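K.L.:
Below are the structure tokens for one structure; questions will follow.
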Amino acid sequence: MLLFIILAVVCGPAIIFKLIGRDVNTGGAIGMGLAFLMFGAGHFAATEPMTMLFPDWVPLKREIVLVTGVMEIVAGIALFIPKYRKLAGWAVIAMLIGFLPANIYGAMVQVPFGGHEEGLSYLLIRIPLQAFLIWWAWRFAARG
């Protein structure tokens, strides 16, 4: 279900902008911005479960979760601002690549949060979604 919500949030504005004859690139960037606002808010709503996405040896897990939440919110806002859209797009791509190891770890140890409890089969959805989001950020923001 969450997958469909993410896809609707990311793709919806681009589809609407296309249908009403507005710039689809702006719609695509707005969709990614909305998604990153949602993702960032999740870091504050589910801070403790997200700390389990890190191995025991990682220090300051809670702080990492909160700082990355702020980073996602800032990037989400920046995607709405044409002047900062390209930089924000590259930041989003870097975050999506950088966060993937935590999601892989979470699936490997079956963290009881956000689908990770499904184990490695979760990655059959997560990795293609991550690749799609990276492409979307490049297509509608980073490439300018």
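The values are calculated or read from the model by the stated rules, or taken from the named source; none is laboratory data. Quick caveat: nothing in here was measured; it's all calculated off a predicted structure. Don't worry about glycine lacking a Cβ; one is built from the backbone with ideal geometry, like all the others, and counts go over all protein chains shown. These accessible areas exclude ligands, DNA and RNA; they are computed on the full protein's heavy atoms, side chains included. Shrake-Rupley method; radii C 1.70, N 1.55, O 1.52, S 1.80 Å.
K.L.:
I need the peptides 123-133, 7-17, 24-34 ranked by packing, meaning the mean over residues of other C-beta atoms within 10 angstrom, with the highest value on top.
P.N.:
24-34, 7-17, 123-133
K.L.:
If you split all Cα-Cα distances of the chain into 5 Å bins from zero, what percentages do you get per bin, shortest first?
P.N.:
2, 11, 18, 23, 20, 13, 8, 4, 1, 0, 0
K.L.:
To continue, here is another question. With n ≥ 4 as the cut-off for DSSP H runs, can you work out [θ] at 222 nm for the chain, using -39500 (n - 2.57) per run divided by the number of residues, rounded to the nearest 500?
P.N.:
That calculation yields -24500 deg cm²/dmol at 222 nm.
K.L.:
Over the alpha-carbon set of the range 79-139, divide Rg by the Kirkwood Rh and report the Rg/Rh ratio to two decimals.
P.N.:
1.10
K.L.:
For the range 1-56, take N as its residue count and report Rg(C-alpha) divided by 2.2 N^0.38 Å.
P.N.:
In units of the 2.2 N^0.38 Å rule of thumb, it is 1.44.
K.L.:
Here is a further query. Carbon and sulfur atoms: what percent of the 1.4 Å accessible area of the chain do they account for?
P.N.:
Carbon-and-sulfur percentage of accessible area, whole number: 74.
K.L.:
Angle check, please: helix 24-45 long axis (alpha carbons) against the longest principal axis of the chain (alpha carbons), in degrees 0 to 90, nearest 10.
P.N.:
The helix 24-45 is inclined about 30 degrees to the chain.
K.L.:
Mean-square fluctuation check for the chain, GNM, Cα pairs under 10 Å: which of 75, 107, 94 is largest?
P.N.:
Looking only at 75, 107, 94, the biggest GNM fluctuation is shown by 94.
K.L.:
A further question on this structure: Before I look further, what does the chain give for accessible area per residue, probe 1.4 Å, in whole square angstrom?
P.N.:
On a per-residue basis, 55 Å².
K.L.:
Round to a whole angstrom and tell me the spacing of the C-alpha centers of the range 73-142 and the range 1-63.
P.N.:
Taking the Cα centre of the range 1-63 as reference, the centre of the range 73-142 is 8 Å away.
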